[in-house]
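Here the structure comes first, spelled out in structure tokens, and everything after it is commentary.
The values are calculated or read from the model by the stated rules, or taken from the named source; none is laboratory data. Owing to the predicted nature of the structure, the values given are computational and were not obtained by experimental measurement. Glycine gets a Cβ as well: all are built from the backbone with ideal geometry, and neighbour counts include every protein chain shown.
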Amino acid sequence: MSKYNEPVSANITSVLREVRVFPPTKDFSKHAHIKSLSHYRKLYNESIKSPEKFWGQQAKNELVWFKPWKKVLQWKEPFAKWFIGGQLNVSVNCLDKHLETPVANRAAIIWEGEPAASGKPGEERTLTYRQLHREVCLFANVLKRNGIKKGDRVIIYLPMVPEAAIAMLACSRIGAVHSVVFGGYSAQSVADRIFDSQAKMVITADGGFRRGACVQLKKNVDDALALKDAQGNLLAKTIEKVIVLRRACNDIHIQEGRDVWWHREIEYVDAECPAAKLDSEHPLFILYTSGSTGKPKGILHSTGGYLLGAKMTTKYVFDLQETDVYWCTADVGWVTGHSYVVYGPLANGATSLMYEGAPNFPEPDRFWRIIEKYSVSVLYTAPTAIRAFMKWGVEWPKKHDLSSLRVLGTVGEPINPEAWIWYHEVIGGKRCPIVDTWWQTETGGIMITPLPGATPTKPGSATLPFFGVLPEVVDNNGDPVPRNTGGKLVIRKPWPGMLRGIWGDQQRYKEVYWSEVKGSYFTGDGCRQDKDGYFWIVGRIDDVLNVAGHRIGTAEVESALVSNQKVAEAAVVGRPDELKGQALVAFVTLKTGVPALPELREELRNHVAKEIGPVAKPDDIRFAEALPKTRSGKIMRRLLKQIACGIEIKGDTTTLEDLSVLARLSQNEE
Ligand code: WTA
């Protein structure tokens, strides 16, 4: 039987809602890469009917190869290999390729730092393609000088600075496998990722700036390198070197022999670094993401297929043109930052803007100020941010000239139609198409999305699949459900950018993604298709929550809570939140004799921040004497969800071990 036996359709409230359609404007379509829905459908049908022909042609047109491939696809479910025998290098495709063209002297990265707390404007930096190429080659030589070889894993734990992109590209240049860890993760999370990937090096900074404060990245790394497992073994014992970027943020400790400064190392190397000729299937990066069990999964992506997906989706989904200034607001610590801040835009020779700070620091018009300052034409952000902007009021965007904007994108969670309309009217001046893009860390690139010159949009729907992507909504038996019925979203065919597995655990890869629905990739999302075939994502149907566009596994937060010596048991569920989409509610039972004092809530929240990172802090902690369980001992999450949402308890509770628990939990609400 399926693990997910709650009917997905129960969550769907908008099926019968009147939906407004926004067709692409003639002006936009005229100059777009894909000019009409029929143009899209023609290419889409070709991509599905003859995928190998389609992808072979695209790989030839879009990428430069040292050696051509012999075979486009080898598919032995669930393992795909793309462009077999082909050799290429990602950094060559993102940099060297442009050096013989007028793109060479164009801005590759525009960086805007956080303004000082005094309100002074932020620092700014521009790197042309030629300059970025030089920096990447220098740093690739620094990696080599510090013992990094092809295939070695390197942890990147940096703020949103150009050096994050430089470090990623430098790894790709020599065939090292990077694993970027978001700066908001704790020392424990860094140590766990080092242990799982057996990384040899950490690249970090003395600190990062956020809301006028300094984020102590190097200190976290020092702590991570000293952490031990339950048997007393160092978790990060594989680390040989730590490279530290100086931002003069704070005083740090330098351990002789292990820690070296980025700026000093650069002086020892030269700026020539031939790119490694890498197999198309050579691993490019590992990115950890929450799953339904306690341990994050190391999602593995490889070279050729991933890059092709990132490049093509950036080009078509944002209708990227030479004149664009493109800004994806994601942090490089998430997959969106990988594919749509670094690899996708640079492979297209675009100008990618990076911003280090928060959207409301020093004031809530920070984004609009940046858009005006750099004439940003494409903006890609998250629904959570849009909802926050709505709350802060139209006066902030209205203070700025946003007429340079051409395309608006969203990603990370379903966008509610109200936020969509606000984005369209207030930010896009009713003239910019909105692309609501559905995808995942695992998919490498955008999967379901409108194409701005071609697809009529409906607020709240990610609309139609990208080329080569065959999604379907199915029931628990894996059979397609009728239109307007909820079900599980699966992908029926392999695609070039798909994950190549879970690092070090291919069994888990098979179980998580390929066992739920036979012969298909299971996304973990619930979905329905409307009468026009448009996809409406409902959200996760597994035990993963989407909090402010970040994936958080409930099991991960639970294990963080029970690692506190005062906690006996914990269950974490989601409840809808107006701003963040979902909020985390933790039900906690304490060890005997520990009083449920109000201040313990903050202590436990901080404990979770220490174990995982501030992103995973529960919004709400409720103490209970016991958790409701079935006779077989399983925590009844459905009930807890209802309690968290303040809903009257419904459904079958006859298997509850102790019915009185329910009454106590309901009373426990603040
Ligand atoms: C959710 C982020 C609705 C979804 C790129 C997915 C979305 C998870 C959308 C992946 C969207 C992402 N509409 N839901 N446009 N985009 N999601 O791995 O639940 O951080 O499974 O990748 O975010 O999150 P991840």
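On the basis of being in contact (Cβ under 8 Å) with a residue 24 or more places away in the chain, among the β-branched types (Val, Ile, Thr), part of a strand (DSSP E or B) and in contact with a strand residue (DSSP E or B) (Cβ under 6 Å, 6 or more places away or on another chain), does residue 242 make the cut?
yes
Would you pick out the residues in region 380-423 that are of a type in the set (Ser, Thr, Tyr) and either in contact with a strand residue (DSSP E or B) (Cβ under 9 Å, 6 or more places away or on another chain) or in contact (Cβ under 8 Å) with a residue 40 or more places away in the chain (or both)?
Hits for region 380-423 are 380, 381, 384, 404, 410, 423.
Can you tell me which residue within region 319-354, out of those that are among the aromatic types (Phe, Trp, Tyr) and either surrounded by 23 or more Cβ atoms within 10 Å (Cβ to Cβ) or under 25 Å from residue 33 (Cβ atoms) (or both), is nearest to the ligand (Cβ to nearest atom)?
340
Report the residue count in region 448-465 for those that are hydrophobic (A, V, I, L, M, F, W, C) and more than 9 Å from the ligand (Cβ to nearest atom).
The number of residues fulfilling the criteria is 3.
Looking at the structure I just gave you, is residue 533 in a loop (DSSP other than H, G, I, E, B), more than 14 Å from the ligand (Cβ to nearest atom) and more than 30 Å from residue 469 (Cβ to Cβ)?
When the stated conditions are applied, residue 533 does not pass them.
Can you find even one residue in region 424-439 that is under 21 Å from residue 313 (Cβ atoms), in contact (Cβ under 8 Å) with a residue 60 or more places away in the chain and among the acidic types (Asp, Glu)?
No.
Restricting the first residue to region 9-31 and requiring it to be farther than 16 Å from residue 529 by Cβ and surrounded by 10 or more Cβ atoms within 10 Å (Cβ to Cβ), which pairs with a second residue that is modelled with pLDDT of 95 or more and hydroxyl-bearing (Ser, Thr, Tyr) meet a Cβ separation below 6 Å and a spacing of at least six or different chains?
Filtered contacts from region 9-31: 22/457.
Please state which of the following conditions residue 383 fails to meet, knowing it meets all the rest: (1) surrounded by fewer than 20 Cβ atoms within 10 Å (Cβ to Cβ); (2) within 16 Å of the ligand (Cβ to nearest atom).
Every condition holds for residue 383 apart from (1).
Please specify each residue of region 402-419 satisfying the condition of being away from the ligand (no atom under 11 Å from the Cβ) and either among the polar types (S, T, N, Q) or farther than 17 Å from residue 367 by Cα (or both).
Correct list: 403, 404, 417, 418.
Out of the residues in region 204-247 that are touching a His at 6+ places or on another chain (Cβ under 9 Å), among the charged types (D, E, K, R) and under 14 Å from residue 261 (Cβ atoms), state the one that is surrounded by the fewest Cβ atoms within 10 Å (Cβ to Cβ).
246
Take the residues in region 447-463 that are over 13 Å from residue 537 (Cβ atoms) and of a type in the set (A, V, I, L, M, F, W, C), then tell me which one is surrounded by the fewest Cβ atoms within 10 Å (Cβ to Cβ).
454
Please enumerate the residues belonging to region 299-318 that are under 18 Å from residue 106 (Cβ atoms) and of a type outside the set (Val, Ile, Thr).
If the condition is that a residue be under 18 Å from residue 106 (Cβ atoms) and of a type outside the set (Val, Ile, Thr), then 311, 315, 318 are the ones that fit.
Scan region 542-556 for residues that are in contact with a strand residue (DSSP E or B) (Cβ under 7 Å, 6 or more places away or on another chain) and either more than 9 Å from the ligand (Cβ to nearest atom) or charged (D, E, K, R) (or both) and report the count.
The total comes to 9.
Looking at 248, 271, which is the one that is over 25 Å from the mean Cα position of the chain (by Cα) and at pLDDT below 95?
248
With respect to the numbered conditions (1) buried (at least 20 other Cβ atoms within 10 Å of the Cβ); (2) under 30 Å from residue 57 (Cβ atoms), which one is the sole condition not fulfilled by residue 470?
Residue 470 satisfies all of (1) buried (at least 20 other Cβ atoms within 10 Å of the Cβ); (2) under 30 Å from residue 57 (Cβ atoms) except (1).
Please determine, by comparing only the residues of region 426-445 that are more than 8 Å from the ligand (Cβ to nearest atom) and of a type in the set (A, V, I, L, M, F, W, C), which one is surrounded by the most Cβ atoms within 10 Å (Cβ to Cβ).
Ranking the candidates gives 435 first.
Let's see how each residue does on (1) in contact with a Pro (Cβ under 6 Å, 6 or more places away or on another chain); (2) in contact (Cβ under 8 Å) with a residue 24 or more places away in the chain:
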position: 514; (1), (2): yes, yes
position: 529; (1), (2): no, yes
position: 538; (1), (2): no, yes
position: 562; (1), (2): no, no
position: 583; (1), (2): no, yes
position: 588; (1), (2): no, yes
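Evaluate region 492-508: report whether one residue or more is among the aromatic types (Phe, Trp, Tyr), in contact (Cβ under 8 Å) with a residue 12 or more places away in the chain, part of a strand (DSSP E or B) and touching a strand residue (DSSP E or B) at 6+ places or on another chain (Cβ under 6 Å).
no
Which of (1) in contact with a His (Cβ under 8 Å, 6 or more places away or on another chain); (2) outside any loop (DSSP other than H, G, I, E, B) does residue 349 not meet, given it meets every other one?
Answer for residue 349: the failing condition is (2).
When you check residue 373 against the structure, is it assigned to a helix (DSSP H, G or I), away from the ligand (no atom under 16 Å from the Cβ) and closer than 19 Å to residue 581 by Cα, yes or no?
no
Among the residues of region 288-318, which ones are buried (at least 21 other Cβ atoms within 10 Å of the Cβ) and in contact with a His (Cβ under 7 Å, 6 or more places away or on another chain)?
Once the filter is applied, which keeps residues that are buried (at least 21 other Cβ atoms within 10 Å of the Cβ) and in contact with a His (Cβ under 7 Å, 6 or more places away or on another chain), region 288-318 yields 302, 303, 316.
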